[in-house]
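Undergrad: My structure is below; once you've seen it, I'll send some questions.
All of the numbers you see were taken from the coordinates with simple rules; none came from a lab. Keep in mind that what you see is a predicted model, and the values were worked out from it rather than measured. Positions of Cβ are backbone-derived with ideal geometry, glycine not excepted, and every protein chain shown enters the neighbour counts.
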């Protein structure tokens, strides 16, 4: 019964890692070019 907490911690770490990488890449994109993704998302009507 000691395996379930390990799986839960792995999921938490993966989720946190994904959030950090997403924020980091969005920061890089914002620095390199204009905020194109926002207008791209809005144009999908």
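Undergrad: Mind sorting 8, 29 by how few other Cβ atoms lie within 10 Å of their own Cβ, fewest first?
TA: Fewest to most other Cβ atoms nearby, the residues stand as 8, 29.
Undergrad: Take residue 26 and residue 4, extend 7 Å from each Cα along the Cα→Cβ direction, and tell me the distance between the two endpoints in nm.
TA: 3.4
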